[in-house]
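**Q** Right, I'll just put the structure down here and ask away after.
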Amino acid sequence: MIPALGGSMRTGYNARAQQRARNRKGVGADKKVIDYPHPKNLNICFKEGLEEGKVNADPTTTELKIYLEMKGFPHKVHVVEPSTSKNLPDWFRKNNWDGVLPMAKYDKEQYKLGSAEIMMALEKKFRVPLMCAGGMGAARFRGKTVKNLTLSLLKSVRPYDESNPDWTDLRSEFRQLDEYLVQCHNKEGDYLKEKRFSLWDIRMVPALYNLMTVANYFKPGFVLPDDVPHLRSYMNHAFEDPIFVKFKPTVRQIVKYFEPKLNVRIVLPDDVQ
């Protein structure tokens, strides 16, 4: 015969269950409760966009926001503008003379500049939850090449053809990305298999999204080549991933981000958000 549980044991069990329920609902707690090692007092500075109080649409901003969400790290966001010293914390002024953004401060006196350095430092020290780095060869692609080629391509007055070296370079990058996705198919780090962003996806998807979203606004005639079907399928799925949808900038925000870089003013239809 199983003895009846004592009242104190039952009371303790109920109290713990109620506390877990409150944590899930956000009741009785000022911030998210996590039970694994994480950076203490994590502060993140993002560059302000053209809309006051909102971060800019740079891919490095988007990728860091996605990373922090997937890791579940509580953090405080500062939207700053170094050129005018707007909203700059004192620790920013003392440790970031060049105004590199994003910037992170955590664990009292740890400072990291740039999204790539921030993610690498946090991932090295705080492995849980573990993020997949990507498939074999992922180190070859970091998103930076696509980001840089996007800017130079949109600045160029040449059309999207073989006479334009920026277009030739971008097509080559597309083909190499397509080949990489074929090599990763059904292996560890394959997004279409895992349905979860790896570190590689976090770096690559925001840069590709910015390019695909606004290229034709600034320079009509952009079409993804037909010889990269795997890249096309990858983007179709990744752009609809819930975590990317949550943090992706709007079309209007991306256009505003590129306008000063290209010295062009785009008048968008009212129905474009």
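**Q** For the structure I just gave you, tell me whether Leu149 is among the hydrophobic types (A, V, I, L, M, F, W, C), within 21 Å of the chain's Cα centre (by Cα) and either in a helix (DSSP H, G or I) or surrounded by fewer than 19 Cβ atoms within 10 Å (Cβ to Cβ) (or both).
**A** yes
**Q** Right, next: Being hydrophobic (A, V, I, L, M, F, W, C), at pLDDT below 90 and under 21 Å from the mean Cα position of the chain (by Cα) is true for just one of Leu130, Leu113. Which residue is that?
**A** Leu130
**Q** For the range 48-127, list the strands (runs of 3 or more DSSP E) that sit wholly inside it and hold at least 2 residues that are within 25 Å of Val214 (Cβ to Cβ); which are they?
**A** 76-80
**Q** Same structure, new question: When you go through (1) open to solvent by 40 Å² or more (accessible area, probe 1.4 Å); (2) farther than 27 Å from Val79 by Cα; (3) of a type outside the set (Val, Ile, Thr) one by one for Tyr191, which number turns out not to apply?
**A** Of the numbered conditions (1) open to solvent by 40 Å² or more (accessible area, probe 1.4 Å); (2) farther than 27 Å from Val79 by Cα; (3) of a type outside the set (Val, Ile, Thr), the odd one out for Tyr191 is (1).
Every residue, every condition in (1) under 16 Å from the mean Cα position of the chain (by Cα); (2) β-branched (Val, Ile, Thr), yes or no:
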site	(1), (2)
Lys187	no, no
Ser198	yes, no
Tyr209	yes, no
Val223	no, yes
Asp241	yes, no
Phe244	yes, no
Pro260	no, no
Val267	no, yes
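**Q** Which ones in the range 129-183 are among the basic types (Lys, Arg) and under 25 Å from Met70 (Cα atoms)?
**A** Arg140, Arg142, Lys144, Lys147
Table: residues versus (1) aromatic (Phe, Trp, Tyr); (2) at pLDDT below 50; (3) open to solvent by 40 Å² or more (accessible area, probe 1.4 Å).
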| position | (1), (2), (3) |
| --- | --- |
| Arg24 | no, yes, yes |
| Pro37 | no, no, yes |
| Asn43 | no, no, no |
| Pro59 | no, no, no |
| Val79 | no, no, no |
| Asn96 | no, no, no |
| Lys105 | no, no, no |
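**Q** Six or more apart or on different chains, Cβ atoms under 7 Å: show the pairs whose first residue is in the range 79-91 and within 13 Å of Pro102 (Cβ to Cβ) and whose second is exposed (fewer than 11 other Cβ atoms within 10 Å of the Cβ).
**A** That search, which allows pairs on different chains as well, returns Val79/Gly53.
**Q** Would you check which residues across the range 167-184 are of a type in the set (A, V, I, L, M, F, W, C) and surrounded by fewer than 14 Cβ atoms within 10 Å (Cβ to Cβ) and list them?
**A** Val182
**Q** Those residues that are part of a helix (DSSP H, G or I) and open to solvent by 70 Å² or more (accessible area, probe 1.4 Å), I need them from the range 154-164; list them, please.
**A** Matches in the range 154-164: Lys155 only.
**Q** While we're here: Suppose we filter Arg265, Arg252 for residues that are surrounded by 14 or more Cβ atoms within 10 Å (Cβ to Cβ), within 23 Å of Lys47 (Cα to Cα) and among the basic types (Lys, Arg); which single one remains?
**A** Arg252
**Q** Condition first: touching a residue at least 60 places away in the same chain (Cβ under 8 Å) and open to solvent by 20 Å² or more (accessible area, probe 1.4 Å). Now tell me which residues in the range 66-77 satisfy that.
**A** If the condition is that a residue be touching a residue at least 60 places away in the same chain (Cβ under 8 Å) and open to solvent by 20 Å² or more (accessible area, probe 1.4 Å), then Glu69, Met70 are the ones that fit.
The values are calculated or read from the model by the stated rules, or taken from the named source; none is laboratory data. Quick caveat, the model's predicted, so the values are computed rather than measured. Cβ sites come from the backbone with ideal geometry, for glycine too, and all protein chains shown count toward neighbours. Only protein heavy atoms, including side chains, enter the accessible area calculation; ligands, DNA and RNA are left aside. Shrake-Rupley method; radii C 1.70, N 1.55, O 1.52, S 1.80 Å.
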